[in-house]
Structure formats: C-alpha cells, structure tokens
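Everything below concerns the one structure shown next.
Readers should treat all values here as calculations from the given coordinates under stated rules, not as data from a laboratory. Computed from a predicted model, the values in this text were never measured in an experiment. Backbone-built Cβ (ideal geometry, glycine too); neighbour counts: all protein chains shown.
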Amino acid sequence: EAQVTQNPRYLITVTGKKLTVTCSQNMNHEYMSWYRQDPGLGLRQIYYSMNVEVTDKGDVPEGYKVSRKEKRNFPLILESPSPNQTSLYFCASSRSGGSGNTIYFGEGSWLTVV
Amino acid sequence: AQSVTQLGSHVSVSEGALVLLRCNYSSSVSVYLFWYVQYPNQGLQLLLKYLSGSTLVKGINGFEAEFNKSQTSFHLRKPSVHISDTAEYFCAVSVQGGSEKLVFGKGTKLTVNP
C-alpha cells in the first residue's frame with residue numbers, strides 16, 4: 001500500500017530537548033516536504049526537498065532542520081524546541097515538482113512543547 | 001506570492017442538503033488548484049484537482065468543483081451530503097512549473113447533521 005509514514009504520532013516534550021520526527025514514503029517519490037497545521041492558519045510549508053541532498057526553506061523554516069540522505073526518508077529536526085512549535089506536523093511526498101502531481105500526506109504528528 | 005481565501009470557517013448543513021464551499025485565490029502566475037479533505041484525526045486526502053481542460057472537475061465521494069478564471073474561484077460542491085462528509089476541507093494552489101509547494105486556505109469545517 002502506498003503511504004507516507006510519520007513517527008511519532010504523538011509527543012509531549014520539554015523546551016530545549018532535541019527531537020526528530022521521522023518520515024518515510026514507499027512510492028519512490030522525488031519530492032518531499034513538511035507542513036505544520038495551526039488552528040485558523042491552515043497548513044504552512046516548513047521545508048521541502050526536490051531530491052536526495054537537495055533541500056530548501058519553505059514559508060516557516062525558523063527553528064527547524066531537515067536532511068535528505070535517502071530518497072525515501074525526510075526527517076524533521078527540532079534542535080531546541082520552544083512552545084511556539086507546538087503544532088500538528090504533516091510530511092508529504094509527490095512524484096516530482098511543478099507538474100500538479102498529487103501530493104500524499106502522512107497521518108500527522110501531534111507535538112506539544114511545554 | 002499566492003494566497004487562498006476560503007469563505008466561512010464553519011458550515012453546518014443537514015444530511016441530504018446541497019453544500020457549497022467557497023474558495024478564491026490570488027496569483028500573478030498560472031496555478032494548479034486542489035481540494036483536500038481532512039477527516040478527524042487523519043491526514044489530508046486529495047478530493048480533486050484542476051490542472052487544465054474542462055473547468056468542471058469531478059472528484060471522489062461525489063464532490064465536484066468548478067474553476068472560474070475570471071473570478072479566480074474554485075468552489076467545491078456536493079449535491080447531497082452525508083453525515084460521513086463531516087470533515088475539514090482545504091482549498092490549495094501550487095504554481096505551474098514551481099516547486100510543488102501547496103499554498104493552503106485556512107480551511108472550512110463542514111458539519112453534516114442528521
């Protein structure tokens with residue numbers, strides 16, 4: 001089954017404690033990205049990757065890092081989380097960029113920073 | 001830059017009624033248009049998309065949308081809703097030939113009452 005898998009699905013952490021949210025897709029997609037969803041704001045892109053070793057900032061990259069060492073994986077790293085990063089995070093993937101391809105989303109990761 | 005406006009953050013209708021969810025966008029370049037649905041505690045699922053061609057697009061679960069270039073709109077409708085359509089609906093655009101980034105509206109929560 002084609003899917004985007006995120007872990008953990010739920011996490012409560014403390015301010016400043018580094019954490020990583022993993023993302024893996026099994027569709028051999030070149031394009032992957034991370035979004036955060038906040039009430040009343042919709043979804044906003046954090047980072048994206050057009051292919052292995054190619055990453056770029058989205059609209060809200062501050063406080064986040066990413067890496068793309070393998071095609072299937074695109075982890076999101078919060079090196080020093082703060083309460084304003086409490087949010088619902090989605091990983092997404094698609095075949096390639098710029099062609100109106102369907103973007104597939106993971107089920108989301110609820111992150112609370114206290 | 002692109003922006004998406006969804007009119008009405010909450011819509012409540014009775015089962016069997018027609019529902020119309022409104023979406024207007026702003027962009028200086030050509031875009032693709034999408035509607036995604038988010039069921040409670042789940043990720044986003046593509047309902048339908050407009051890339052080119054016929055302006056009336058049919059999607060899954062009986063939904064359809066019409067692209068109107070002159071009014072920069074992409075309204076979603078379903079002639080007869082079911083309780084299972086209760087969800088949040090997001091309109092989004094991406095730039096043709098761009099990075100595949102989706103710019104989302106803030107979402108409309110649809111509640112279908114028995």
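Treating each Cα of chain B as an identical point scatterer and summing with the Debye formula, the log10 of I(q)/I(0) at q = 0.13, 0.18 Å⁻¹ comes to -0.45, -0.85.
For the range B:50-114, a crude dipole built from +1 on the beta carbon of Lys and Arg and -1 on the beta carbon of Asp and Glu, taken about the Cα centre, is about 100 debye to the nearest 20. Could you run the Debye sum over the Cα atoms of the protein assembly as shown, one equal point scatterer each and no solvent, and tell me log10 of I(q)/I(0) at q = 0.16 Å⁻¹, two decimals? Rounded to two decimals, the profile gives -1.11.
Thinking of chain A as a set of Cα atoms, what percent of all their pairs are more than 20 Å apart? Across chain A, Cα pairs with separations above 20 Å total 34 percent.
Restricting to the range A:12-114, what percent of DSSP beta bridges are antiparallel, rounded to 5? Could the numbers behind the result be given before it?
On the way: 29 of 31 bridges.
In the range A:12-114, DSSP labels about 95 percent of beta bridges as antiparallel.
For the residues A:Lys18, A:Lys71, A:Lys57, a GNM of chain A with alpha-carbon springs under 10 Å puts the largest fluctuation on A:Lys18. Working from Cα pairs under 8 Å separated by at least six residues, relative contact order for chain A is 36 percent. Look at the dipole of chain A built from charges on Cβ: of A:Cys23, A:Pro61, A:Ala92, the Cα furthest out on the positive end belongs to A:Cys23.
About its Cα centre, the dipole of the range A:42-114 is roughly 220 debye, where the only charges are +1 on Lys and Arg Cβ and -1 on Asp and Glu Cβ.
Residues whose amide H comes within less than 5 Å of that of B:Glu15, counting only those at least five positions distant or on another chain, are B:Asn113 (H built at 1.01 Å from N in the peptide plane). For the range A:78-94, backbone phi angles converted through the Karplus equation (6.51, -1.76, 1.60; θ = phi - 60°) give residue-by-residue couplings of 10, 6, 9, x, 10, x, 6, 9, 5, 5, 9, 10, 10, 9, 9, 8, 7 Hz, Gly and Pro being listed as x.
Cβ-to-Cβ counts within 10 Å put A:Trp34, A:Trp110, B:Trp35 in ascending order as A:Trp110, B:Trp35, A:Trp34, the fewest first. Straight-line cross-link partners of A:Lys65 among the lysines, defined as a Cα under 17 Å from its Cα and at least 8 positions apart when in the same chain: A:Lys17, A:Lys18, A:Lys57.
The lysines whose alpha-carbon is closer than 20 Å to the alpha-carbon of B:Lys109, local same-chain residues fewer than 8 away aside, are B:Lys49, B:Lys78. When +1 charges are put on Lys and Arg Cβ atoms and -1 charges on Asp and Glu Cβ atoms, the dipole computed for the range A:1-56 relative to its Cα centre reaches about 360 debye.
Tell me whether the range B:1-52 comes out rounded, prolate or oblate; compute the Cα gyration tensor, take square roots of the eigenvalues as a ≥ b ≥ c, and use a/c under 1.5 as the rounded threshold. Prolate.
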